[in-house]
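The structure appears below as structure tokens.
The values are calculated or read from the model by the stated rules, or taken from the named source; none is laboratory data. Just so we're clear, the structure is a prediction, and the values are computed from it rather than from any experiment. So basically every Cβ, Gly included, is an ideal-geometry build from the backbone, and we count neighbours across all protein chains shown.
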């Protein structure tokens with residue numbers, strides 16, 4: 001059998017602090033990754049609506065398209081895809097080029113930052 005080794009209280013405290021640091025670092029990297037993906041997803045959704053549905057024009061039927069799309073997305077994915085959210089997505093695609101949005105997410109701006117601009 002292997003011998004059980006006694007760990008000094010200071011060693012236990014250091015171990016705890018080190019493990020917390022590892023976990024906190026991972027949580028931070030995960031949050032950054034998720035934020036980047038959320039920003040890009042919302043921008044691409046807006047781009048798709050803008051270019052492929054609205055044909056780069058603000059037409060009255062666009063409101064109905066956004067309303068219908070919101071309803072279907074909400075049914076499938078939940079309440080995060082309201083008309084208001086889709087309008088934010090559309091506005092981000094109108095405001096930022098693809099290069100801009102990728103650059104912004106690399107600087108770790110959040111979706112909240114982007115939609116408020």
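A Cβ distance below 6 Å, combined with a sequence gap of six or more or placement on separate chains, defines the contacts here; from the range 9-37, residues that are more than 24 Å from residue 105 (Cβ to Cβ) reach no residue that is surrounded by 10 or more Cβ atoms within 10 Å (Cβ to Cβ).
In the range 6-28 there is at least one residue matching the filter, namely being in a loop (DSSP other than H, G, I, E, B), modelled with pLDDT of 85 or more and either touching a strand residue (DSSP E or B) at 6+ places or on another chain (Cβ under 6 Å) or exposed (fewer than 10 other Cβ atoms within 10 Å of the Cβ) (or both).
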